[in-house]
Structure formats: C-alpha cells, structure tokens
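Asks: Dropping the structure in here first, questions after.
All of the numbers you see were taken from the coordinates with simple rules; none came from a lab. Keep in mind that what you see is a predicted model, and the values were worked out from it rather than measured. FYI the Cβ positions are ideal-geometry reconstructions off the backbone, even for glycines, and counts take in every protein chain you see.
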Amino acid sequence: MAKYTPPQQDKTLQWVDIIVVVLAIFAALWLPLKMGWAGNSKVLEKIDNPTWETLGQTAAQVAQWNKLGYADAAAAHDIIQNKWDYTINWTQLIILAVALIGYFVFLFRASDKEYREVIDEKFNGK
C-alpha cells in the first residue's frame, strides 16, 4: 500500500493564507468595536450630591477609597456608579448564532468532503 503524501502548497499561497487569516482576526476584533457592538456596555447611574452613604459604601470601603486618593464621595462617584448593562439585543444574538451555526455546517461539510477524498486516495476507492 502506497504511503499517502498530501498535496503541496506554493509558498506564495501560504503567505496569502497568512495574510487572509491575520486580516480576518483583525476584522473580527475591530468590527464589533467600530460598530458599537462591544466595549461600551457600561451605564453611569448619576446621583446628585453624592455621599458615601448614598453610594452604598461602608466605613471600611470609605477608608480604602481614601487610601486610593479619593477624599470625598464626589471624586469616587463615577467609578462606583459605573455599572455594566446586561440587556440582550436579540437581533444581534440571532445574527451571531446563525453565523456560527453556518460556519460549523460549512466546516463539517468541507472536512467530510476532504476526509472522503483522502480515504479514496489511500484505499483506491475500495
């Protein structure tokens, strides 16, 4: 039985593959930030004339804030009241789910096709 040798790819095409993968990774990380889908999920809950009590801070927490250089509640207000927004955008979630499912369906079909080709080459269609 002949030993299987995979087809060779040209060096130029290997560089094209590398560039495409790097661009795809960059786009996957940059596009959500540019479109406002990520990175801005905090909501500032404003309190007029804040005190340590209205901010819900205990005496021990106030002492730690003082050690960090925040002498009064107004200085620490924006940090304490900066809350994460956990609302779900269903449209974006469905688009993401369809894209991921579509990718995996493509991946499994392409892999199955290539696997069958390798088996046919190895065993001569037996």
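Asks: Dipole size in debye (nearest 20) for the stretch 1-64 around its Cα centre, Lys and Arg Cβ +1, Asp and Glu Cβ -1?
Replies: So the dipole magnitude of the stretch 1-64 works out to roughly 320 debye.
Asks: Using the crude model of +1 on Lys and Arg Cβ and -1 on Asp and Glu Cβ, and no other charge, please compute the dipole size for the chain relative to its Cα centre, in debye to 20.
Replies: So the dipole magnitude of the chain works out to roughly 480 debye.
Asks: Same structure, new question: Tell me the chymotrypsin sites (Phe, Trp or Tyr not before Pro) within the stretch 44-112 that lie in a loop according to DSSP and have at most 10 other beta-carbon atoms within 10 Å.
Replies: Tyr86
Asks: Once you have the Cα-Cα distance between Gln14 and Leu44, take 0.36 nm times their residue separation minus that, and quote the gain in nm to one decimal.
Replies: So the extension gain works out to 6.0 nm.
Asks: Using R₀ = 41 Å, calculate the FRET efficiency as 1/(1 + (r/R₀)^6) where r is the Cβ-Cβ separation of Asn89 and Ala110; round to 0.05.
Replies: 0.85
Asks: Packing-wise, with mean Cβ within 10 Å as the measure, how do 42-51, 9-18 rank, highest first?
Replies: In decreasing order of mean packing, 42-51, 9-18 become 42-51, 9-18.
Asks: What list of ³J(HN,Hα) values in whole Hz, one per residue of the stretch 8-16 in order, does the Karplus curve 6.51 cos²θ - 1.76 cosθ + 1.60 (θ = phi - 60°) give from phi, with Gly and Pro shown as x?
Replies: Result, ordered by residue: 8, 9, 5, 4, 4, 5, 5, 5, 4 Hz.
Asks: How large is ³J(HN,Hα), in whole Hz, for each residue of the stretch 99-112 in order, when computed from phi with the Karplus curve 6.51 cos²θ - 1.76 cosθ + 1.60 and θ = phi - 60°, using x for Gly and Pro?
Replies: 5, 5, 5, x, 4, 5, 4, 4, 4, 5, 5, 5, 5, 5
Asks: What is the distance in Å between the Cα centres of the stretch 78-126 and the stretch 12-26?
Replies: So the two Cα centres are separated by 19 Å.
Asks: Another question, then. So for the chain, taking the charge dipole from beta-carbon charges (+1 Lys/Arg, -1 Asp/Glu), which of Gln61, Val105, Met35 sits furthest toward the positive end?
Replies: Sorting the options by dipole projection puts first Val105.
Asks: Follow-up question, since we're still on this one. Among [x] 18.1; [y] 20.9; [z] 15.6, which is the computed Kirkwood radius over Cα pairs in Å?
Replies: Computed from the coordinates, Kirkwood radius over Cα pairs in Å corresponds to [y].
Asks: I'd like the FRET efficiency for Ile79 and Leu29, computed as 1/(1 + (r/R0)^6) with the beta carbon distance as r and R0 of 22 Å, rounded to 0.05.
Replies: E between Ile79 and Leu29, to the nearest 0.05, is 0.25.
Asks: Would you grab the residues whose amide H sits under 5 Å from the one on Val43? Only those 5+ places off in sequence or on another chain, please, with H modelled 1.01 Å from N.
Replies: Those lying under 5 Å, H to H, from Val43 are Lys83, Trp84, Asp85.
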